[in-house]
Amino acid sequence: MRLGRGGGDGPAPRRRPPDAAGRRRAGTAAPCRPRPVRPPRRRPLARRPSPGAPRRPRAPVRRPRSGPQPRLLRRPVPGSRRPAPPPPPAGPQVLLADPELSLPWAELETATLRATCYPEALRYGEFLTADGERDAAGTPQDVLAALPGGTVPASLVHLSCHAVAASRPTESALRLAVPPGAPAGAGRLTVAGILDASADQRPGPAGPLVVLSACETDLSGGHHDEALTLATALVAAGAADVVGSRWAVRDGPTSVLTAVLHHHLTDGRLAPPDALRATQLWMLDPHREPPPTLTGPLRAEAARPDLHQLCHWAAFTHQGNPAPGRPISLA
């Protein structure tokens with residue numbers, strides 16, 4: 001008994017007679033027995049209850065719930081609590097004014113922050129009216145030294161300068177001071193330079209707060225990698241929080257915004273993301289009152305009737321650690 005291609009069994013196939021040379025032809029077909037056709041199975045009909053007989057109650061259908069049960073939301077899960085905020089990083093505060101002297105409000109902004117919020121802060125950049133000498137010229141090497149792993153790690157780095165978002169994300173740069181004897185392009189701190197200098201650093205909550213009071217510091221010109229910006233590069237370099245901007249911003253309203261931001265950081269003891277939100281809500285308030293950090297020309301600039309417009313406050317974003325409030329060390 002042989003099996004055909006149909007899988008059935010049957011009698012042996014008939015062979016063709018040999019040709020004149022005594023050879024048999026190939027291609028002999030094997031007949032298959034047809035498979036029996038089985039009728040479809042029918043479910044037994046339910047018995048109808050007799051008239052007057054009591055009916056049995058049906059069991060309730062239990063349907064699975066797609067969302068979490070309310071009792072599970074009330075039950076504490078072991079290890080689900082947020083860890084306590086880490087202690088503030090020890091180190092000086094660094095305030096950098098525009099080394100190119102092309103931003104009229106940059107020097108006033110950093111001088112106001114030093115007088116009202118950080119009296120022991122180091123001054124980087126160029127100052128025309130401030131008393132005393134600066135602590136550093138504000139070169140890319142000076143800024144990198146204030147980051148984790150540098151020679152002078154800081155707890156706060158505030159940069160009031162120019163910045164540009166290049167078409168290639170790694171070429172986006174901060175325009176800082178040119179070292180003596182170096183070419184003109186040596187004053188640009190690019191995304192690639194930040195990542196190369198911090199190759200051994202890992203992002204974490206113990207780094208400094210970096211405030212980029214500049215244009216396009218959280219913007220990438222390449223749509224293929226929109227996450228690679230100056231702000232995210234500083235987070236990768238070890239900064240715990242970075243405040244940057246998504247487009248070009250005006251000088252005066254930006255100085256007002258950053259002064260109010262540092263007021264909420266120091267006097268209000270808010271975390272950087274909460275302080276930024278409180279600052280933006282303050283700019284939206286038509287009955288806003290200037291905080292003590294706004295003095296002189298900054299207080300007059302805060303009386304502008306257009307501070308509520310999106311172009312002045314919505315550009316600034318927060319990148320980094322969303323942990324609960326952590327005060328800035330003023331030691």
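Only one residue in 195, 234 is open to solvent by 10 Å² or more (accessible area, probe 1.4 Å), assigned to a helix (DSSP H, G or I) and under 16 Å from residue 145 (Cα atoms), so which one is that?
The conditions single out 195.
What number of residues within the stretch 101-156 are touching a Ser or Thr at 6+ places or on another chain (Cβ under 6 Å) and farther than 22 Å from residue 291 by Cβ?
Residues that pass the stated criteria total 1.
Go through (1) closer than 30 Å to residue 266 by Cβ; (2) of a type outside the set (Asp, Glu); (3) in a loop (DSSP other than H, G, I, E, B); (4) in contact with a strand residue (DSSP E or B) (Cβ under 9 Å, 6 or more places away or on another chain) for residue 144 and report which single condition fails.
Here residue 144 meets the rest and fails (3).
Can you say whether residue 128 is at pLDDT below 95 and either over 24 Å from residue 241 (Cα atoms) or surrounded by 20 or more Cβ atoms within 10 Å (Cβ to Cβ) (or both), as far as the supplied structure shows?
Yes: the conditions hold for residue 128.
State the number of residues belonging to the stretch 106-121 that are open to solvent by 10 Å² or more (accessible area, probe 1.4 Å), under 18 Å from residue 137 (Cα atoms) and outside any loop (DSSP other than H, G, I, E, B).
Going through the stretch 106-121 one residue at a time, the tally reaches 4.
Just checking, does the stretch 239-250 include any residue being assigned to a loop (DSSP other than H, G, I, E, B), modelled with pLDDT of 95 or more, more than 18 Å from residue 172 (Cα to Cα) and not acidic (Asp, Glu)?
Yes, because at least one residue in the stretch 239-250 is assigned to a loop (DSSP other than H, G, I, E, B), modelled with pLDDT of 95 or more, more than 18 Å from residue 172 (Cα to Cα) and not acidic (Asp, Glu).
Restricting the search to the stretch 143-166, which residues are within 28 Å of residue 247 (Cβ to Cβ) and open to solvent by 40 Å² or more (accessible area, probe 1.4 Å)?
144, 162, 164
For residues that are in a loop (DSSP other than H, G, I, E, B) and either modelled with pLDDT under 90 or of a type in the set (D, E, K, R) (or both), tally how many sit in the stretch 168-181.
Total satisfying the criteria: 1.
The values are calculated or read from the model by the stated rules, or taken from the named source; none is laboratory data. Since we're looking at a predicted model, the values are computed, not measured. Note that we place each Cβ from the backbone using ideal geometry, even for glycine, and neighbour counts take in every protein chain shown. These accessible areas exclude ligands, DNA and RNA; they are computed on the full protein's heavy atoms, side chains included. Shrake-Rupley method; radii C 1.70, N 1.55, O 1.52, S 1.80 Å.
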